[in-house]
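Scroll down for the structure; my scribbles are underneath it.
Every number here is computed from the coordinates shown, using simple stated rules; none is lab data. Worth saying up front: this structure is predicted, and the values here are computed from it rather than measured. Neighbour counts are summed over all protein chains in view; Cβ atoms, including those assigned to glycine, are modelled from backbone coordinates with ideal geometry.
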Amino acid sequence: MNKEFFTIFVILAIFVTFIQSATIVVEVGSDNKLQFFPNDIKAMTGDSILFKFVSGNHDVVQSAKADSCDKSPDPNAFQSEVNPPSKEFTITINQTSGNIWYHCSVDQHCASGMKGVIRVTSNQTSNAITIPSSFIAISLGTLVSSFIPWL
Ligand SMILES: [Cu+2]
């Protein structure tokens with residue numbers, strides 16, 4: 001493989017990775033309520049979940065099991081700061097299936113219903129914005145032909 005083709009290959013690989021993963025936004029304390037919104041989402045491996053802190057004092061803690069208000073005993077379980085200065089907390093989905101439950105551990109928020117779930121799926125039904133494959137094909141074609149002028 002010569003240098004030009006390798007460069008194109010790398011660019012395409014980055015491009016494909018970029019379009020295949022997506023960011024799904026979940027609002028924390030949306031509408032000034034003790035809630036995550038949306039609190040039930042689908043995501044795919046590689047997607048990022050961006051928790052945006054929009055009101056109040058809350059955190060995002062991975063739950064021990066479905067509907068639980070206890071933190072997961074898993075040492076890799078995620079936990080954000082309470083009301084982080086950036087107002088953002090992001091996790092990346094590494095697993096290929098299963099449900100990831102989370103809740104707010106501040107005061108009695110979880111008991112009041114402040115919890116949510118991320119349903120990990122391997123098919124194209126996630127909440128992420130999907131791009132039609134025809135568009136991807138055209139984009140890739142344009143990208144390749146701009147690097148290989150004789151195509
Ligand atoms: Cu809270």
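Assorted remarks:
- Multiplying the residue separation of residue 119 and residue 2 by 0.36 nm and subtracting their alpha-carbon distance yields 37.9 nm.
- Each of 50, 34 has some number of other Cβ atoms within 10 Å of its Cβ, and from fewest to most they run 50, 34.
- Using a Förster distance of 30 Å, the FRET efficiency for residue 32-residue 68 (Cβ separation, nearest 0.05): 0.75
- Long pairs among 65/87; 33/71; 33/65; 71/115; 42/87, criterion Cα-Cα beyond 19 Å: 65/87; 33/71; 33/65; 42/87
- Which of 36, 78 has the fewest Cβ neighbours within 10 Å, and the rest in rising order: 78, 36
- Taking the square roots of five times each eigenvalue of the Cα gyration tensor of segment 21-128, the equivalent ellipsoid has semi-axes of 21, 15, 12 Å, listed largest first.
- Simple spin-label estimate for residue 108 and residue 40 in nanometres, 7 Å along Cα-Cβ: 2.5
- This ranking places 92, 121 by how few other beta-carbon atoms lie within 10 Å of each, fewest first, which gives 92, 121.
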